[in-house]
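The values are calculated or read from the model by the stated rules, or taken from the named source; none is laboratory data. Worth saying up front: this structure is predicted, and the values here are computed from it rather than measured. So basically every Cβ, Gly included, is an ideal-geometry build from the backbone, and we count neighbours across all protein chains shown.
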């Protein structure tokens, strides 16, 4: 049975929905419908993931909706939708779009139709899903994960390789540290370099940070004179949220 979600300021929250199986994707069936404004937000090059975002209607009083297609093989979209309906292509639309896109539909991929304010677009991918929740100001998206193998703050909204367009300058870092308003969203980052040390205290390892540096060269310079004093010493590149 196909699930239909109607999401808006007056409806209940659906926090985590995925459509990726044949049983969910009947031709012509409506999968998602909202009267909110959605904007193109991110594209992950390595995993071919496409994200649209609807930001809160009232600051700190409403939820964010992050909507993702993956993996994407072809698309015809625009940057903003004022109200959005997503449905499966009909059999007629499927054939027409397949021909127009040069036959980029294979291996079980689906054609999702995007309708908004009298216009019709499409995305060809295996799946579509969305999450709705209150987005913390240090979280890049509702799809940003912290890996158990490498617990680091995610600097990007989607997994995989990105163009890193949200890397901040040193000037931005200094301005952020001196800003009066610290309750802002942290959507950019700057990599800093932390010199870590390990010493043994009565046979028990004690690991701590020795200093944070803006450049890797400075961190390596500090490492050179700290290293002789400790059992082990290394540099951890870490993102600082701006």
Determine whether region 82-100 contains at least one residue that is in a strand (DSSP E or B), surrounded by fewer than 17 Cβ atoms within 10 Å (Cβ to Cβ) and in contact (Cβ under 8 Å) with a residue 24 or more places away in the chain.
yes
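Restrict the check to region 178-187 and report whether at least one residue is in contact with a strand residue (DSSP E or B) (Cβ under 6 Å, 6 or more places away or on another chain), outside any loop (DSSP other than H, G, I, E, B) and closer than 26 Å to residue 139 by Cα.
Scanning region 178-187 turns up no residue that is in contact with a strand residue (DSSP E or B) (Cβ under 6 Å, 6 or more places away or on another chain), outside any loop (DSSP other than H, G, I, E, B) and closer than 26 Å to residue 139 by Cα.
Quick check on residue 220: is it modelled with pLDDT of 90 or more, out of contact with any helix residue (DSSP H, G or I) (no Cβ under 7 Å at 6 or more places or on another chain) and not in a helix (DSSP H, G or I)? Steps first, answer last, please.
On the way: modelled with pLDDT of 90 or more: yes; out of contact with any helix residue (DSSP H, G or I) (no Cβ under 7 Å at 6 or more places or on another chain): yes; not in a helix (DSSP H, G or I): no.
Spelling it out, it is not the case that residue 220 is modelled with pLDDT of 90 or more, out of contact with any helix residue (DSSP H, G or I) (no Cβ under 7 Å at 6 or more places or on another chain) and not in a helix (DSSP H, G or I).
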Residues of region 38-80 being under 22 Å from residue 109 (Cβ atoms) and more than 17 Å from the chain's Cα centre (by Cα), in sequence order, are 73, 74, 75, 76, 77, 78
With the condition kept exactly as written, say whether any residue in region 200-211 is assigned to a helix (DSSP H, G or I), over 26 Å from the mean Cα position of the chain (by Cα), over 25 Å from residue 145 (Cβ atoms) and modelled with pLDDT of 85 or more.
no
Wholly within region 1-61, which strands (runs of 3 or more DSSP E) include no fewer than the required count, namely at least 2 residues that are within 26 Å of residue 160 (Cβ to Cβ) and at pLDDT 90 or above?
16-19, 30-44, 49-54
Only one of these is assigned by TED's automatic domain parsing to the domain that holds residue 173 and closer than 30 Å to residue 184 by Cα: 204, 231, 199, 194. Name it.
194
For residue 138, the lone unmet condition from (1) under 30 Å from residue 182 (Cβ atoms); (2) in a strand (DSSP E or B) is (2)
So in region 189-217, with the set limited to residues that are touching a residue at least 40 places away in the same chain (Cβ under 8 Å) and touching a helix residue (DSSP H, G or I) at 6+ places or on another chain (Cβ under 7 Å), which one is surrounded by the fewest Cβ atoms within 10 Å (Cβ to Cβ)?
214
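Looking at 78, 131, can you tell me which residue is assigned to a loop (DSSP other than H, G, I, E, B) and within 17 Å of residue 53 (Cβ to Cβ)? Step through it out loud before you land on a result.
Values: 131 fails: assigned to a loop (DSSP other than H, G, I, E, B).
That would be 78, the only listed residue that is assigned to a loop (DSSP other than H, G, I, E, B) and within 17 Å of residue 53 (Cβ to Cβ).
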